[in-house]
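The next block holds one structure in the form of structure tokens; read it before the comments.
The values are calculated or read from the model by the stated rules, or taken from the named source; none is laboratory data. Since we're looking at a predicted model, the values are computed, not measured. Positions of Cβ are backbone-derived with ideal geometry, glycine not excepted, and every protein chain shown enters the neighbour counts. Protein only, heavy atoms only, side chains kept; ligands, DNA and RNA dropped before computing areas. Shrake-Rupley method; radii C 1.70, N 1.55, O 1.52, S 1.80 Å.
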Amino acid sequence: MKKWMMLGLVALATGHAVAAGNTIKVGVLAEMSGTFADFGMQITNGAKAYMKQYGDTVAGKKIELVIKDTTGPAPDVAKRLAQELVVQDKVDFIVGFGLTPNAFAVAPIATEAKKPTIIMNAATSAITTKSPYIARVSFTLAQVTEPMAQWAYKSGLRKIYTVVADYGPGHDAEQTFKKAFARLGGEVVGELRVPLKNPEFGPFVQRAKDSKPEAVFVFVPAGEMAVGFMKAYYERGLAKAGIKLLSTGDVTDDGVIEALGDNALGVISTHQYSAAHPSAENKAFLAAYNQINPKQRPNFMAVGGYDGMAAVYEVVRQLNGNINGDKAMQVLRGMKLNSPRGPIQIDAETRDIVQNVYVREVKKVDGRLYNVEFETFAAVRDPGK
Ligand code: PHB
């Protein structure tokens with residue numbers, strides 16, 4: 001009996017073999033509930049938008065998402081769910097990761113199981129060094145912060161106070177800003193780290209104000225923390241005192257920018273994606289996302305989800321549907337994609353992303369708040385490597 005006929009019989013007997021053979025399973029680990037539920041929603045909707053735009057079949061295989069909820073910054077949960085994805089669901093890829101601690105927790109499993117793992121958001125530089133099976137399509141805090149330090153100095157600012165969330169990406173942002181700004185001749189006159197859980201921004205912001213800097217540079221993860229920081233910044237009168245606000249794009253994120261209100265007008269930020277980015281790719285992305293969730297504006301995490309799926313599709317295409325961890329990583333290394341944010345590349349050596357970083361200002365476009373890009377740092381590598 002020919003091999004394919006035997007496979008067919010097995011399939012008839014179990015009802016599973018054919019499905020397994022014809023399906024590429026993509027395990028998604030994301031924050032689908034709790035304070036960070038928006039991260040998971042943006043990431044999974046971005047992934048779904050890609051599938052909507054390009055169909056769910058590649059190289060004759062059906063692409064299937066298996067979504068698991070990490071519930072927040074919960075390394076133990078992330079680790080257990082990754083094990084489940086590998087052992088029970090037998091996924092071909094692991095993707096997702098809004099938050100850094102969850103990505104770190106899963107790195108050893110990626111290595112042990114040789115699973116190609118694609119980071120769609122988590123942005124601490126060191127993540128990609130923790131497993132040769134990890135590639136990143138999002139960004140790093142160091143990558144978007146260094147251009148901000150350069151822009152600030154060029155704009156004449158010399159004394160800046162930094163405020164960051166007290167965990168991996170915040171530490172990267174703080175250290176990168178300080179180093180880059182000092183190298184140019186600027187001075188960080190004070191620095192504060194705010195806890196990730198239940199932050200009270202008022203007292204922190206007050207301390208920044210009291211040391212009379214020319215500007216405050218801030219990174220906190222997108223979402224509720226960004227809203228909380230902005231509120232305190234205005235309530236404590238920093239804007240009135242003439243202290244400028246510089247941030248990474250996480251703080252003026254497309255997902256919350258309307259909630260920030262007109263107070264956000266004029267805030268300068270650096271980041272890789274704005275929903276206002278003028279390109280055909282972005283237009284197509286926004287239209288596809290709108291079909292998945294017409295109620296929410298997609299943000300940089302949604303783009304991470306979308307581009308992560310583009311990377312998965314390219315691997316499946318090039319390997320003709322036969323996924324092998326090492327071969328998949330070979331395809332991912334050096335991969336170039338036309339993202340809604342502009343051209344991106346996965347560095348062949350570090351497996352980290354190379355991309356444009358834009359300087360943007362919050363402005364009204366057709367009556368709605370957007371980050372309007374006005375300067376580009378082209379093809380920026382992660383300086384944290
Ligand atoms: C992260 O945990 O790495 C992270 C989360 C949210 C952001 C940026 C980085 O906006």
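Using DSSP to call loops (not H, G, I, E or B), can you name the trypsin sites (Lys or Arg not before Pro) in the stretch 276-317 whose Cβ has at most 10 other Cβ atoms within 10 angstrom?
Lys295
Please compute the alpha carbon radius of gyration of the chain, then divide it by the globular-protein estimate 2.2 N^0.38 Å. Two decimals is fine.
1.01
Read phi for every residue in the stretch 149-154 and hand back ³J(HN,Hα) as whole Hz from Karplus 6.51 cos²θ - 1.76 cosθ + 1.60, θ = phi - 60°, with x for Gly and Pro.
Computed from phi, the couplings for the stretch 149-154 are 4, 5, 5, 4, 5, 4 Hz.
Quick one: if you stick a label point 7 Å off each Cα along the C-beta vector at Gln345 and Ala239, how many nm between them?
Once both label points are built, they end up 4.1 nm from each other.
In whole Hz, what ³J(HN,Hα) sequence does the stretch 87-104 give by Karplus (6.51, -1.76, 1.60; θ = phi - 60°), x for Gly and Pro?
7, 8, 7, 6, 6, 8, 9, 10, 9, x, 6, x, 10, 3, x, 6, 5, 4
Give me, ordered by chain and number, the residues 5 or more places off Thr57 or on other chains with an amide H under 5 Å from its own placed amide H.
Ile63
Tell me the per residue accessible area of the chain using a 1.4 Å probe; a whole number in Å² is fine.
41 Å²
Enumerate the amide H contacts of Thr71 below 5 Å, restricted to partners 5 or more residues apart or on another chain; note that Pro and chain-start residues carry no placed amide H.
It is Met32, Ser33, by chain and number.
Roughly what would the spin-label model give for Asn324 and Asn22, points 7 Å off Cα along C-beta, in nm?
2.5 nm
So, with a 1.4 angstrom probe, what is the percent of accessible area on the chain that is carbon and sulfur?
Using a 1.4 Å probe with all protein chains present, the chain comes out at 52 percent carbon and sulfur.
Using a 7 Å offset from the Cα along the Cα-to-Cβ direction at both Glu191 and Val365, what is the distance between the two label points in nm, to one decimal?
3.4 nm
Using alpha carbons only, how many degrees (0 to 90, rounded to 10) separate the axis of helix 37-54 from the longest principal axis of the chain?
The answer is roughly 50 degrees.
Starting from the Cα-Cα distance between Lys336 and Ile67, subtract it from 0.36 nm times their residue separation and give me the gain in nm to one decimal.
94.2 nm
Count of lysine pairs in the stretch 52-160 with Cα atoms under 30 Å apart, counting only pairs 8 or more residues apart in sequence or on different chains?
Qualifying lysine pairs in the stretch 52-160: 29.
Using DSSP to call loops (not H, G, I, E or B), can you name the chymotrypsin sites (Phe, Trp or Tyr not before Pro) in the stretch 300-381 whose Cβ has at most 13 other Cβ atoms within 10 angstrom?
Filter output for the stretch 300-381: empty list.
For the pair Ala284 and Val372, what calculated FRET efficiency results from E = 1/(1 + (r/R0)^6), where r is the Cβ-Cβ distance and R0 = 30 Å, to the nearest 0.05?
So, using R0 = 30 Å, E works out to roughly 0.90.
For the stretch 20-94, what's the relative contact order in percent, using C-alpha pairs closer than 8 Å and at least 6 residues apart?
Result for the stretch 20-94 is 48 percent.
Label the stretch 234-273 by shape, choosing from rounded, prolate and oblate, from the square roots a ≥ b ≥ c of the eigenvalues of the Cα gyration tensor; if a/c is under 1.5 it is rounded, and otherwise prolate applies when a/b is larger than b/c, oblate when it is not.
Because a/c hits 1.5 or more and a/b fails to exceed b/c, the stretch 234-273 counts as oblate.
Want the number for Asp89 to Lys295: 0.36 nm per residue separation, take away the alpha-carbon distance, what's left?
71.0 nm
Which one, Ala222, Ala239, His271, projects farthest toward the positive side of the charge dipole computed for the stretch 185-273 from Cβ point charges (K/R +1, D/E -1)?
Result: Ala239.
Tell me the angle of helix 300-318 to the major Cα principal axis of the chain, expressed in degrees between 0 and 90 and rounded to the nearest ten.
30 degrees
How large is ³J(HN,Hα) for each residue in the stretch 342-354, as worked out from phi by the Karplus curve 6.51 cos²θ - 1.76 cosθ + 1.60 (θ = phi - 60°), to whole Hz, x for Gly and Pro?
Karplus values, whole Hz, x for Gly and Pro: x, x, 10, 9, 8, 4, 5, 8, 8, 6, 9, 7, 10.
Enumerate by residue number the trypsin sites (Lys or Arg not before Pro) in the stretch 223-257 meeting two conditions: DSSP loop (anything except H, G, I, E, B), and at most 15 other Cβ atoms within 10 Å of the site's Cβ.
Lys240
Rounded, prolate or oblate for the stretch 123-216? Axes are the square roots of the Cα gyration tensor eigenvalues, ordered a ≥ b ≥ c, and the cut-off for rounded is a/c under 1.5.
oblate
Go ahead and estimate [θ] at 222 nm for the chain from helices alone: -39,500 (n - 2.57) per DSSP H run with n ≥ 4, summed, over the residue count, rounded to 500.
Computed mean residue ellipticity for the chain: -13000 deg cm²/dmol.
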